[in-house]
1. Residues in segment 9-26: is at least one assigned to a helix (DSSP H, G or I), in contact with a Ser or Thr (Cβ under 8 Å, 6 or more places away or on another chain) and either touching a residue at least 40 places away in the same chain (Cβ under 8 Å) or not assigned by TED's automatic domain parsing to the domain that holds I122 (or both)?
2. Answer yes or no: is there a residue in segment 43-57 that is exposed (fewer than 10 other Cβ atoms within 10 Å of the Cβ) and either modelled with pLDDT under 85 or of a type in the set (K, R) (or both).
3. Determine if segment 90-104 includes at least one residue that is closer than 30 Å to F16 by Cα and either at pLDDT below 85 or of a type in the set (K, R) (or both).
4. With A78, A140 as the choices, which residue is surrounded by 15 or more Cβ atoms within 10 Å (Cβ to Cβ), in a loop (DSSP other than H, G, I, E, B) and either in contact (Cβ under 8 Å) with a residue 40 or more places away in the chain or of a type in the set (D, E, K, R) (or both)?
5. Being modelled with pLDDT under 95, surrounded by 10 or more Cβ atoms within 10 Å (Cβ to Cβ) and on the phi < 0 side of the Ramachandran plot is the requirement here; does E110 meet it?
6. Restricting to segment 122-159, name every residue that is more than 20 Å from F16 (Cβ to Cβ), hydrophobic (A, V, I, L, M, F, W, C) and modelled with pLDDT under 80.
7. When only residues in segment 58-75 that are among the polar types (S, T, N, Q) and not in a strand (DSSP E or B) count, which is surrounded by the fewest Cβ atoms within 10 Å (Cβ to Cβ)?
8. Here is a list of conditions, (1) over 18 Å from the mean Cα position of the chain (by Cα); (2) in a helix (DSSP H, G or I); (3) surrounded by fewer than 13 Cβ atoms within 10 Å (Cβ to Cβ), and L86 meets all of them except one; can you say which number that is?
Amino acid sequence: MSIEYAILGLLSWKPFSGYDLKKIIAESEIYYWSGNNNQIYRSLVVLHKSGLVTQEVQVQESLPARKVYTITEKGRAALRDWVRSLPALPEMRSTFFIKLAWADALSPGELDALLAQYEDEIAVQIRMQEARAGIQPAEAPIRTPRERFLWEQITKHRASFYRRELEWIRKLSDDLRERF
């Protein structure tokens, strides 16, 4: 994900400070991004220099001044162009896959334990997703019924991913027990 477009998307909802953006991105499951926080601030500088956002310095009593960013029409156009562009396929990166690739080095009991631990973690994620069902994420703008629907579908898809992952890990465990 290009952090610049995530920032433009958030700013299309409402103005934010860099700190607010950093917090939303760090706490979000939707805006997953693996970079460091300084990249958010560097991206804001690039977006500002490119005329995609404006910056307003707000003086605060007994706190440092705060820079609040707002998307410009040029920024909205850039965001629309990016949204219309060909979407990238989802990344299938998983630390678990790497562990599993080398799991033949484990004893059968250790492999069973690894699979059981992963199954337990996936089950926890399913419970968390189910608990969130119907609860709109804090970082979700709900400006129209269609926008609400899209965000709900993202949440449902995340839950279905974990259910499929749980089915897969259980089948893998069963197949290993049957074959080996």
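1. Looking for residues that are assigned to a helix (DSSP H, G or I), in contact with a Ser or Thr (Cβ under 8 Å, 6 or more places away or on another chain) and either touching a residue at least 40 places away in the same chain (Cβ under 8 Å) or not assigned by TED's automatic domain parsing to the domain that holds I122 (or both), one finds at least one in segment 9-26, hence yes.
2. Scanning segment 43-57, I find at least one residue that is exposed (fewer than 10 other Cβ atoms within 10 Å of the Cβ) and either modelled with pLDDT under 85 or of a type in the set (K, R) (or both), so the answer is yes.
3. yes
4. Being surrounded by 15 or more Cβ atoms within 10 Å (Cβ to Cβ), in a loop (DSSP other than H, G, I, E, B) and either in contact (Cβ under 8 Å) with a residue 40 or more places away in the chain or of a type in the set (D, E, K, R) (or both) holds for just one of A78, A140, which is A140.
5. Against the criterion (modelled with pLDDT under 95, surrounded by 10 or more Cβ atoms within 10 Å (Cβ to Cβ) and on the phi < 0 side of the Ramachandran plot), E110 does not qualify.
6. A131, A133, I135
7. S62
8. Going through (1) over 18 Å from the mean Cα position of the chain (by Cα); (2) in a helix (DSSP H, G or I); (3) surrounded by fewer than 13 Cβ atoms within 10 Å (Cβ to Cβ) one by one, L86 breaks only (2).
The values are calculated or read from the model by the stated rules, or taken from the named source; none is laboratory data. Predicted, not measured: the structure shown is a model, and the values here were computed from it. Counting neighbours? That spans all protein chains shown, and the Cβs are built from the backbone with ideal geometry, glycine included.
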